[in-house]
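What follows is a single structure, written as structure tokens, with notes after it.
The values are calculated or read from the model by the stated rules, or taken from the named source; none is laboratory data. All values reported here derive from a predicted model rather than from experimental measurement. Neighbour counts run over all protein chains shown; Cβ positions are idealised from the backbone, glycine included. Protein only, heavy atoms only, side chains kept; ligands, DNA and RNA dropped before computing areas. Shrake-Rupley method; radii C 1.70, N 1.55, O 1.52, S 1.80 Å.
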Amino acid sequence: MSYQNLLIADEGPVRLITINRPDQLNALNRATIDELDRALNDAEGDPSVRVLVLTGSGAKAFVAGADIKEFAHFSVEEGKALSADGHDKLFNHVERLNKPVIAAVNGFALGGGLELAMSCHFRVASETAKLGLPEVGLGVIPGYGGTQRLAQLVGKGKAMEMILLGSSGMIPAAEAQQWGLVNHVVPADQLLSTCMELASKIARNSPTALGAAIRAVNAGYEPGADGLQREIEEFGKCFGTADFKEGTGAFMEKRKAEFKGA
Ligand code: COA
């Protein structure tokens, strides 16, 4: 599969997807969102891929936001469609993927960039990263899930403050870690190795259980869904999988489990 704006590299069971528009600070234009949609479908359908790491190309930016130049002349209807389409193809898609996705935040994660990082299952940032939602300074609001996911991750008060401050609300990685917005902060030259190591540890676990865990945790944040009920259902379904037989069998036989993801 070929991409104009993405680089794809596999290291064992871990797929690294790099958004590759460094001269535009990896801004998310519609072509890149379409490619990410395809790349996520491809990774989800490929049994050799068990965990994904998502990052941006170059030392400066993870993603500096939605592509302002592309949407600057949009109408109300086009703006609404841009947001809805983005939710569907990329942001909800990442969050609901049945394989874990780690955001390796290597620099500016602004607007749609922070929203993309927040759609990932968790985040690791380089010491140089800066995170923020500057949209109100452009006369618009976060439209790729930022108003909801930021409040879920850091609480309503902090989310409101960051969103209302716009570009003045941008925070460095260390503060983002204190907020719980990123899980780890590491020197820039250790970011990818840290993420790849975390990803390969995760990849040793049962793929079916990983997917079930993602669905159960997500259910707690879906309006109208009963998270504990979903947990009961997902937990029960695990008992019918070959991975469960392998995992419990390997424990009792005192050997390492070899999961097939079924
Ligand atoms: N959309 C489109 N292009 C973007 C972009 C975005 N969100 N962010 C950066 N770029 C482009 C710049 O236009 C510039 O392109 P050019 O050389 O063709 O003019 C290039 O990336 C480099 O950015 P530049 O602004 O020159 O770098 P800087 O170091 O001076 O500033 C930022 C870095 C991140 C502070 C600044 O680029 C910025 O504020 N970007 C927009 C952030 C934003 O508001 N995001 C939310 C969008 S909804």
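Can you order the peptides 185-197, 229-241 by their average number of other Cβ atoms within 10 Å per residue, highest first? Don't jump to the answer; show the numbers that get you there.
Working: 185-197: 16.7, 229-241: 13.8.
Packing order, densest peptide first, comes out as 185-197, 229-241.
Taking packing as the residue-averaged number of other Cβ atoms within 10 angstrom, the listed peptides 124-130, 51-57 run from highest to lowest as 51-57, 124-130.
May I ask for the net charge around Arg15, where only other residues with Cβ less than 12 Å from the Cβ of Arg15 are counted and Lys, Arg are +1 while Asp, Glu are -1? Before the final figure, lay out the partial values.
Numbers: positive: Arg50, Lys99; negative: Asp10, Glu11, Asp42, Glu44, Asp46.
With Lys, Arg at +1 and Asp, Glu at -1, the net is -3.
Under a 5 Å amide H cut-off, with hydrogens placed 1.01 Å from N, Val186 pairs with Ala125, Ser126, Glu127 among residues at least 5 apart or on other chains.
Scanning residues 5 or more positions from Val53 or on other chains, those with amide H under 5 Å from its amide H are Arg15, Leu16, Ile17, Ile102, with H placed 1.01 Å from N in the peptide plane.
Above 28 Å lies some portion of the pair distances; for the chain, what is it as a whole percent of all C-alpha pairs? Present the calculation step by step, with values, prior to reporting the outcome.
On the way: 11668 of 34191 pairs.
That tail contains 34 percent of the Cα-Cα pairs.
Here the accessible area of the range 1-153 is 53 percent carbon and sulfur, with a 1.4 angstrom probe and all protein chains present.
Probe radius 1.4 Å, ligands and nucleic acids ignored: give me the carbon and sulfur share of the accessible area of the range 207-253 as a rounded percent.
On the way: 1990 of 2990 Å².
Summing carbon and sulfur atoms, their accessible area is 67 percent of the total for the range 207-253.
When the chain is described by a simple charge dipole with +1 on each Lys and Arg Cβ and -1 on each Asp and Glu Cβ, the residue from Gly145, Val14, Gly224 located farthest towards its positive end is Val14.
Share of antiparallel DSSP beta bridges in the chain, in percent to the nearest 5? The partial results should precede the final answer.
Details: 8 of 31 bridges.
If I count the DSSP bridges inside the chain, around 25 percent turn out antiparallel.
Amide H contacts for Phe122 (H built 1.01 Å from N in the peptide plane; partners 5 or more residues away or on another chain; cut-off under 5 Å): Val101, Ala103. The angle between the Cα long axis of helix 30-45 and the main principal axis of the chain comes to about 0°, on a 0 to 90 degree scale. Accessible surface area normalised per residue over the chain is 49 Å², counting heavy atoms of protein chains with a 1.4 Å rolling probe. For the chain, the longest principal axis of the C-alpha atoms and the axis of helix 207-219 are separated by about 50°. Taking the average, over residues, of other Cβ atoms within 10 Å as the packing measure, peptides 140-146, 211-217 rank 140-146, 211-217 from highest down. Could you give the angle, 0 to 90 degrees to the nearest 10, between helix 227-238's Cα long axis and the longest principal axis of the Cα atoms of the chain? Taking the Cα atoms of the chain, the angle to 227-238 is about 40 degrees.
Between Phe122 and Lys260, full extension at 0.36 nm per residue minus the direct alpha carbon distance yields a gain of 47.2 nm.
So what's the range 85-203 giving for Cα Rg divided by 2.2 N^0.38 Å, two decimals? All intermediate terms of the calculation are to be shown ahead of the outcome.
On the way: Rg = 13.7 Å, N = 119, 2.2 N^0.38 = 13.5 Å.
Scaled against compact globular proteins, the figure is 1.01.
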